[in-house]
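What follows is a short report on a single structure.
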């Protein structure tokens, strides 16, 4: 079984955290540069898939991954609706400007980030559900 | 009106909520029914609201872009009627499924998927953008794939794969058609496309391209409505849908296609040569009707018979859309009114028949006609519900089916499409025959068991709601007729729709809205030409009614005061059948008043001068 391969395990210890970090970077740069919720979610799921291959599917199957997708959908929808209430149209967007006190860091946070976070969770949750279910097949 | 996204968002939020409480089955049922009923109430309010506005159109632009570029959500009367139907039938079906759904189905997200399907259907009705319509179709289809495969038995997976395959092909055509239209017109907004196509010159390359794109869309919608020759997927896949929800599938999903046909070919594509699509639809409808009913006649299982009947009934609605190609404005109005009336009638009755068929199957323990029998003795109430719904489907007089068929056939006779009218009447007879078959094999005869095979009494309550509605709609047809007539004017006056979505200035350079004037000229002629006295009364009353409401909505001119008063007097007593008889009692007085109105151009047309 591929699960017991020591080479894969050793490599996975490095690549899984690296891929997760990469996914966060791609997610954050997505507003102005290539990247964003969808591709970052796929990267995170790639990290998850590597983990499943190296360490087995049993531990991961304890968590119901589809809940992540549902929560992601909720976040994305709420972002649209909240903006509808504050005066702009449904699914319009604006940005939160905030100078962090003390360090004088100017935070520019577009509301599209929250929508993208929802997309990220949907993609990650759905792909993980598929991987785990396929991994459990035949057990 | 920012609230127009509610019919889309409400079911989606409900779906999320239901998915999060997955596992608590009773709570899930209760929440789902509550949410659907609540939205149904809101949607009926929306219909009232839209109906009492001047233009009869309520719009909303999603996102931060202006009308032709931002995505428009548009609720005109037609869309609001369709929303009411989808949520009304949705609520009924949702209540019904509380008795049929199994724990295993609920575990695999039965109710969240149902809500997603509702979301997609509502979205398709309210969308004012043709690419957005495509997205709505996809959402609806994803929900329906899930509903079909829930439980995942071997036969379900086989049928669902077919269903997915055919729909993926359909979606590809859809995107292709939208792409061609977009490349030619530069818009996906329905109002903007209509505005563009109305100004195209005869024989211009753009007109040809738009017609080509519209043919691709015609293929897609014909596939979704299950019109001949693309109906083969329907009788194959519908019987594997879980009990109860099949009522929603049968009633709504194919009718989304009919609605799109009416919207797209009745309103959006106005280029020279757009009649081609309507002529094609007229030919398709004849084959659809006849072959559908012939297929139904040789089936021996209730679900299969009813599935084939969906096809044959779709033929009538497509026939109505095809008759819009007539040059005669009175016939066009009649055809659109008939189509809308038929859609309303069909959605209610068809869902109802599937639900009653399901109950009868539960009582007898099987849906195979040859093994059934004696349901009349075992459960007389169920037999009564079935009888009314079946007679209504076949078009018997006191029920809604009669009026809808009557108007369509009358429009066909005036348009001198005698072949299609003959086919329609023959199909009606065959429909009656196959309903009689279900009745005599399933309901008459000696019961094959002592008592009902499963409990069924609770399920009769939601079903009875639909039966009551079809009786009500047949007996008090006039208010529904008035609504359908007003909805038809919106579809046949693209100028009003364009002005509501893009603003009055969008009408500059468009041909003036002469539909009413043309209708008025031909009105006397129509009345004289007919030899059926009863028929004249009904149809011409409605044309007058349409006129009056039309003229009052545009009566900003003091010269119109006289007519406005008449209208107020009429509306004070409500649009009851009594008003109708009053109006028809003085047919001589009416045309003079209308001619009077006619002398003054109404508001949208004034812009062009």
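Fewest Cβ neighbours within 10 Å first, please rank B:422, A:129, B:97, B:489 accordingly.
Values: B:422 13, A:129 17, B:97 26, B:489 22.
Arranged by neighbour count, lowest to highest, B:422, A:129, B:97, B:489 become B:422, A:129, B:489, B:97.
Hey, with R₀ at 22 Å, roughly what FRET efficiency would residue B:21 and residue B:142 work out to, going by the Cβ-Cβ distance, to 0.05?
FRET efficiency, residue B:21 to residue B:142: 0.55.
To the nearest 0.05, what FRET efficiency results for residue A:42 and residue B:30 with a Förster distance of 41 Å applied to their C-beta separation? List each step's numbers first, then the result.
Details: r = 38 Å, r/R0 = 0.92.
After rounding, the FRET efficiency stands at 0.60.
Given only helices, namely DSSP H runs of n ≥ 4 each adding -39500 (n - 2.57), what is the per-residue ellipticity at 222 nm of the protein assembly as shown, to the nearest 500 deg cm²/dmol? Before the final figure, lay out the partial values.
Values: 32 runs with 525 residues, N = 748.
The helix contribution divided over the protein assembly as shown gives -23500 deg cm²/dmol.
When the chain is fully extended, how far beyond the present Cα-Cα distance does residue B:183 get from residue B:208, taking 0.36 nm per residue of separation?
Details: separation 25, 0.36 × 25 = 9.00 nm, distance 1.26 nm.
Net length gain for the segment: 7.7 nm.
What is the mean number of Cβ atoms from other protein chains located within 10 Å of the Cβ atom of each residue in peptide B:6-18, rounded to a whole number? Can you show the working numbers first?
Working: counts 1, 0, 2, 5, 0, 0, 3, 5, 0, 2, 8, 2, 1.
Average per residue, whole number: 2.
At residue B:413 and residue B:155, where each label point lies 7 Å from the Cα along Cα→Cβ, what is the point-to-point distance in nanometres?
Spacing of the two 7 Å Cα→Cβ label points: 4.4 nm.
Can you compute the FRET efficiency between residue A:11 and residue B:457 using 1/(1 + (r/R0)^6), with r the Cβ-Cβ distance and R0 = 51 Å? Round to the nearest 0.05.
Using R0 = 51 Å, I get an efficiency of 0.20.
With a point put 7 Å past each Cα toward its Cβ, work out how far residue B:169 is from residue B:297 in nm, to one decimal.
Placing both labels 7 Å beyond Cα along the Cβ direction yields 2.8 nm.
Could you give the distance between the Cα centres of segment B:403-458 and segment B:66-83, to the whole Å?
35
If we count other beta carbons within 10 Å of each Cβ, what is the order of B:149, A:96, fewest first? Present the calculation step by step, with values, prior to reporting the outcome.
On the way: B:149 21, A:96 11.
If I rank by nearby Cβ atoms, fewest first, I get A:96, B:149.
Residue separation times 0.36 nm, minus the C-alpha to C-alpha distance between residue A:67 and residue A:50: what's the value? Don't jump to the answer; show the numbers that get you there.
On the way: separation 17, 0.36 × 17 = 6.12 nm, distance 2.09 nm.
Residue separation times 0.36 nm, minus the Cα-Cα distance, leaves 4.0 nm.
Show me B:68-79, B:164-175 ranked by packing, highest mean number of other Cβ atoms within 10 Å first.
B:68-79, B:164-175
None of the figures in this text is laboratory data; all of them are computed from the coordinates on show. Just so it is clear, the model here is predicted, and its values are computed rather than measured. Because the Cβ atoms are built from the backbone with ideal geometry, glycine has one as well, and the counts that use them run over all protein chains shown.
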